[in-house]
Amino acid sequence: YVLGPRGSGSSESGVSEGASNILFKVVLLGDPGVGKSCLAAIFREDQEKESSEHQQQEVYECTLTVDGEDTTLLVVDTGESEAQKPNGSCDSPMRLGNAYIIVYSVTDRASFESASELRIQLRRTRQAENIPIILVGNKADLVRSREVSVEEGRACAVVFDCKFIETSAVLQLNVQELFEGMVRQIRLRREGTDT
Ligand code: GDP
Ligand code: MG
């Protein structure tokens, strides 16, 4: 039920008839507690739900209008047991995504190191593919308990050749921007090298 980046991208007529509206599966990865579920919760506005911690995987479908064009994302929030699945298994989160958001907490250096590890695993698992990845330093609101600087996050993203943004899921800072950035990354890939 997941469609890959298959559209030709040639029909930019602005008349959206469904066919041009491709679904992209965006997977959230990162250590437990870094704020993945809180970030995904931006798409959960009409549901009053508190018990997400007990669920292993949640998928949100959302359509974002970015630069005047709609793109529908399936945002997959992975739970703890999910992350334990070996990369080889076909339902491993490392395999099922069309794009990735790797999250760490700026208040937790170990989660920052895990993010690098995840990036390396992802590259190994999906070698041939040029998949969009955004590195996210979440909990930027917790100024006093910060352990990872913005500069470190940015430098890490340079090394790992991905985009970078700091967010605060609780204050909803940069969360919209994160997902819009993801849409732009996806479109860049879709359109290939020419314009
Ligand atoms: P997950 O395990 O990665 O899904 O993390 P959760 O989304 O469940 O968040 C773990 C804890 O961190 C919860 O208590 C959240 O309220 C808290 N949290 C998540 N994002 C932020 C943030 O941006 N700032 C602050 N201060 N707390 C956050
Ligand atoms: Mg969670």
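The values are calculated or read from the model by the stated rules, or taken from the named source; none is laboratory data. From a predicted model like this one, the values you see are computed outputs, not experimental measurements. So basically every Cβ, Gly included, is an ideal-geometry build from the backbone, and we count neighbours across all protein chains shown.
Residue-by-condition table, conditions (1) more than 30 Å from GLU191 (Cα to Cα); (2) modelled with pLDDT of 90 or more; (3) more than 16 Å from ligand 1 (Cβ to nearest atom); (4) surrounded by 15 or more Cβ atoms within 10 Å (Cβ to Cβ):
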| site | (1), (2), (3), (4) |
| --- | --- |
| GLY14 | no, no, yes, no |
| GLY18 | no, no, yes, no |
| LYS36 | no, yes, no, yes |
| LEU39 | no, yes, no, yes |
| LYS49 | yes, no, no, no |
| VAL66 | no, yes, yes, yes |
| VAL75 | no, yes, no, yes |
| SER81 | yes, no, no, no |
- Query: Within the range 100-113, restricting attention to residues that are buried (at least 21 other Cβ atoms within 10 Å of the Cβ) and away from ligand 2 (no atom under 16 Å from the Cβ), which residue is farthest from VAL27 (Cα to Cα)?
  - Reply: THR107
- Within the range 114-142, how many residues turn out to be under 23 Å from ARG189 (Cα atoms) and within 16 Å of ligand 2 (Cβ to nearest atom)? 3
- Query: Which of the residues spanning the range 141-183 are basic (Lys, Arg), more than 22 Å from ALA41 (Cβ to Cβ) and outside any loop (DSSP other than H, G, I, E, B)?
  - Reply: ARG144, ARG154
- Which of (1) out of contact with any strand residue (DSSP E or B) (no Cβ under 8 Å at 6 or more places or on another chain); (2) crowded, with 19+ Cβ neighbours inside 10 Å does ALA157 not meet, given it meets every other one? (1)
- With the condition kept exactly as written, say whether any residue in the range 100-110 is at pLDDT below 95, over 16 Å from VAL183 (Cβ atoms) and more than 17 Å from the chain's Cα centre (by Cα). no
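Can you go through ILE131, ILE102 and tell me which one is out of contact with any Ser or Thr (no Cβ under 6 Å at 6 or more places or on another chain), of a type in the set (A, V, I, L, M, F, W, C) and not in a loop (DSSP other than H, G, I, E, B)?
Numbers: ILE131 fails: not in a loop (DSSP other than H, G, I, E, B).
Being out of contact with any Ser or Thr (no Cβ under 6 Å at 6 or more places or on another chain), of a type in the set (A, V, I, L, M, F, W, C) and not in a loop (DSSP other than H, G, I, E, B) holds for just one of ILE131, ILE102, which is ILE102.
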- Item | Close pairs (6 angstrom Cβ cut-off, 6 or more residues apart or separate chains): under 14 Å from VAL106 (Cα atoms) in the range 166-183, part of a helix (DSSP H, G or I) and within 14 Å of ligand 1 (Cβ to nearest atom) anywhere | THR167/VAL175; THR167/LEU178; ALA169/CYS38; ALA169/LEU39
